[in-house]
Amino acid sequence: MADCVMETDSPLIQLYQSRGYMSGRCSLAELGITLDLDPTKVCIRVHSVPNVPRAVLELYERANFHPDLPSDFFERRGNMQSSFFGSAQEVRAFDVFVTSGLDPLNTVYLYGHEYGHLLSRLGLREMIYDKFKDPTAVPWFIEDEEHFAELTGNLAMLTQRYDLSDITSTNPDGTVHARESEARRFILENIRG
Ligand SMILES: [Zn+2]
């Protein structure tokens, strides 16, 4: 979970804060990093919920946002999702959803994965690359945000002292499975001791 300290007089952020959003100094515990979010511009909210698709839909309803959802929305959006809203006042509100009640290992992965999406949207991928022996060596397999999130999901498991060499992805999609393995291998070889 994220643990944040909010110190601001900004009325708009106060509005978000009243809805449970956080800003300022935020610790993303699973990844072992701390963000300094500008409390006049960015706020986040982390939701640990029993049913992620349902919670996402409820957020959309509250925001009066009605996207065309794929017919298999409830199947595809299983255990995690992030939503990003901007406002006319240029505050960006980030919602991170993770399924509650899973085993600790999968929970750590899910937080790490979704925080990867968050860091990408905030333009802060370097905070992760700084943990590598060579911070300029961007992993070759990172082509898009999803790949980066797979990297941070695996990094979170290592940060929380799980033995990555002992972990196998259970993702049924062969392509994702291969990328997850690649991400784990890269972390094992390149993370600073
Ligand atoms: Zn993802």
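FYI, it's all coordinate maths here, none of it is from the lab. This one's a predicted model, so the numbers in the text were calculated from it and none came from an experiment. Note that each Cβ is placed from the backbone with ideal geometry, even for glycine, and that neighbours are counted across all protein chains shown.
Packing-based ranking of 163-170, 24-31 yields 24-31, 163-170, ordered from highest to lowest mean Cβ neighbour count within 10 Å.
Which net charge results for the neighbourhood of ASP134, defined as the other residues with beta-carbon distances under 14 angstrom from its beta-carbon, given Lys and Arg at +1 and Asp and Glu at -1? The answer is 0. Once you list every other residue whose beta carbon is under 14 Å from the beta carbon of SER169, what net charge do they have if Lys and Arg are +1 and Asp and Glu are -1? Value of the local net charge: -3. Among the GluC sites (Glu not before Pro) in segment 89-149, those located in a DSSP loop and surrounded by at most 11 other Cβ atoms within 10 Å of their own Cβ are GLU90, GLU143. Compared with the direct C-alpha span, the chain from MET127 to ARG62 gains 20.1 nm at full extension, assuming 0.36 nm per residue.
In segment 93-193, which chymotrypsin sites (Phe, Trp or Tyr not before Pro) are in a loop and have at most 14 other Cβ atoms within 10 Å, using DSSP for the loop call? Within segment 93-193, the qualifying chymotrypsin sites (Phe, Trp or Tyr not before Pro) (loop, at most 14 other Cβ atoms within 10 Å) are TRP140.
Sparsely packed loop sites in segment 86-193 (the trypsin sites (Lys or Arg not before Pro) outside DSSP H, G, I, E and B with at most 16 other Cβ atoms within 10 Å) comprise LYS133, ARG161, ARG192.
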